[in-house]
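The values are calculated or read from the model by the stated rules, or taken from the named source; none is laboratory data. All values reported here derive from a predicted model rather than from experimental measurement. When we count neighbours, we look across all protein chains shown, and the Cβ atoms used for this are built from the backbone with ideal geometry, even at glycine. Only protein heavy atoms, including side chains, enter the accessible area calculation; ligands, DNA and RNA are left aside. Shrake-Rupley method; radii C 1.70, N 1.55, O 1.52, S 1.80 Å.
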Amino acid sequence: MKKAIVLGAGGFIGSHLVKRLKSEGYWVKGVDLKLPEYSKTAADEFVQGDLRNLEFVSSVIEKNTDELYQLAADMGGAGYIFTGEHDADVMHNSAQINLNVARVCVEKNVKAVFYSSSACVYPEYNQLDPLNPKCAENTVYPAQPDSEYGWEKLFSERLYLSYKRNYGLNVKIARYHNVYGPEGAWNNGKEKAPAALCRKIAQTDNGGTIEIWGDGKQTRSFLFIDDCLDATTNLLRSVKTGPYNIGSEEMISINDFAKLIMRIADKNVHIKNIEGPEGVRGRCSDNTIILKDLNWKPIYSLEQGISHTYSWIAKQVEQMFSKA
Ligand code: NAD
């Protein structure tokens, strides 16, 4: 039986990935500071601990592991990574985890390692026009990410590639673009735009008002979790290294995204655009290279994926009010 380790298995993507690997017949170990918040982990073994600690990392990564997915990071939505209030922690914590993991994966001869980088590595100067952002993989330099979160991801991409070059680490790198779905953070300050918008709309009565950070004309694309998992496992099992964009090319403005969710919720709610952290003006995945190299493209439309997500969040909101 093949063995997989998921670091960050208590988080959103990690907890879904554990379920996916189990359904494929893998023996799976999950590692995280915390257990998944919204459902029981599917892992065969789950170890709680701090990956900033080298001895801990060495104790959880077993020799000759077939697949290791490194998803652990200190991260959150715009309210967490774009305010500047968490910069030192974000950089220190995530860099420390990656320094440990890269080294131990070589020592333990892990057969294939996946590293989750982010679209936040792309330079701000290519994302000023909301209707025409440039996010092809080779546009990342000269580097100018708009957040320390992005700078750490870029550093860690280079770290893993150095380990590949000097020590033969079989690493694969993806730059995720806004992954969303059920069982993600939705009300703890680490939620991202899709969950935050679903929550606001679920909590607001017809004719009410929701607040949206920025003028709402900023654009993004969003990738449904199932598509993300397909791309992640495909990339790890391929002969390619990346970095590759793993995202959707369906770009939408944030105000239009809110209107799409209103249609799904069958509600008519007013939008009040207010000042707040919003990140770059425009961002959209460019899938040209991953389509060519791995023949991967997303299956879910934004409407399909956000319908599943809205149902889950509306249920959480309902349960919260029934408890109150
Ligand atoms: P998440 O925050 O839900 O999961 C990250 C997990 O890492 C958390 O459960 C957290 O407890 C764990 N962690 C943090 N510090 C740790 C430590 N010191 N020791 C052990 N565990 C620790 O995030 P996610 O949305 O599941 O994202 C997974 C990865 O993908 C992250 O690296 C993130 O930066 C990257 N990514 C995600 C998105 C997205 O849209 N979700 C976009 C780009 C990149």
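Data table
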read-out	value
Close pairs (8 angstrom Cβ cut-off, 6 or more residues apart or separate chains): open to solvent by less than 30 Å² (accessible area, probe 1.4 Å) in segment 127-145, hydroxyl-bearing (Ser, Thr, Tyr) and assigned to a helix (DSSP H, G or I) anywhere	136/288
Test: residue in segment 80-102 that is in a helix (DSSP H, G or I) and in contact with a strand residue (DSSP E or B) (Cβ under 6 Å, 6 or more places away or on another chain)	yes
Any hit, segment 44-58, residues being away from the ligand (no atom under 13 Å from the Cβ), open to solvent by 50 Å² or more (accessible area, probe 1.4 Å) and not charged (D, E, K, R)	no
Search result, residues across segment 12-31 that are open to solvent by less than 20 Å² (accessible area, probe 1.4 Å) and near the ligand (Cβ under 8 Å from one of its atoms)	14, 15, 31
Some residue of segment 203-221 being open to solvent by less than 20 Å² (accessible area, probe 1.4 Å) and within 14 Å of the ligand (Cβ to nearest atom)	yes
Filter result (assigned to a helix (DSSP H, G or I), of a type in the set (Gly, Ala, Ser) and more than 16 Å from residue 80 (Cα to Cα)) within segment 144-197	156, 162
Exclusive hit being in the same structural domain as residue 8 (by TED's automatic domain parsing) and within 25 Å of residue 167 (Cα to Cα), set 40, 63	63
Candidates 250, 278, filtered to the one that is in contact with a strand residue (DSSP E or B) (Cβ under 6 Å, 6 or more places away or on another chain) and at pLDDT below 95	278
Where a residue in segment 1-13 is assigned to a loop (DSSP other than H, G, I, E, B) and its partner, wherever it lies, is away from the ligand (no atom under 12 Å from the Cβ) and open to solvent by 30 Å² or more (accessible area, probe 1.4 Å), with Cβ under 8 Å and at least six apart	1/25; 1/27; 2/25; 2/27; 2/66
Check on residue 111, surrounded by fewer than 19 Cβ atoms within 10 Å (Cβ to Cβ), away from the ligand (no atom under 15 Å from the Cβ), over 19 Å from the mean Cα position of the chain (by Cα) and part of a loop (DSSP other than H, G, I, E, B)	yes
